[in-house]
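The structure appears right after this line, and notes come after that.
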Amino acid sequence: FFQAGVDILSDDRLGRMNLSRRGIQRRNALVFDYAQRYSTPVVITMGGGYPRKEWDPIIDAHADVYLGAQNFLAQRISYDSSSSSLSKIS
């Protein structure tokens, strides 16, 4: 399980890790790379996200988790239109 909390974001009022949006994107990429390297399935769950004032940075950080997962999978899976099935890219 990847408990993809964003309360580590610098814009979060409860988190104290003070990571930038880019830092969280990097964390996400490290998790996806690890899963790929060790052929480990990943279940992503949302967590955290308590805005100081604006919701946009929190929502963007949550969205980045799932956009990052989609981008990660898109690089490794292709659609084989001739057989209408998914196949892994080597």
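Read the figures in this text as sums done on the coordinates, not as results from a lab. Remember, it's a predicted structure, so these values are computed and weren't measured experimentally. Cβ placement follows ideal geometry from the backbone for every residue including glycine, while neighbour counts extend to all protein chains displayed.
Before moving on, here are some points about what is shown:
- Dividing the helix sum by the residues of the chain, where each DSSP H run of 4 or more adds -39500 (n - 2.57), gives a mean residue ellipticity at 222 nm of -14500 deg cm²/dmol.
- Karplus-derived HN-Hα couplings along region 35-51 (A = 6.51, B = -1.76, C = 1.60, θ = phi - 60°), whole Hz, x at Gly and Pro: 4, 5, 4, 9, 6, 9, x, 10, 10, 9, 10, 7, x, x, x, 10, x
- Compared with the dominant principal axis of the Cα atoms in the chain, helix 56-76 is inclined by about 20°.
- Given R0 = 35 Å, the distance between the Cβ atoms of SER20 and ALA74 translates into a calculated FRET efficiency of 0.90.
- Sites count as exposed loop sites when they are trypsin sites (Lys or Arg not before Pro), lie in a DSSP loop, and have at most 15 other Cβ atoms within 10 angstrom; the longest stretch of the chain without one is 54-90.
- Across region 1-77, Cα-Cα pairs farther apart than 20 Å form 29% of the total.
- Gained length - TYR34 relative to ALA63, 0.36 nm times residue gap less alpha-carbon distance: 8.4 nm
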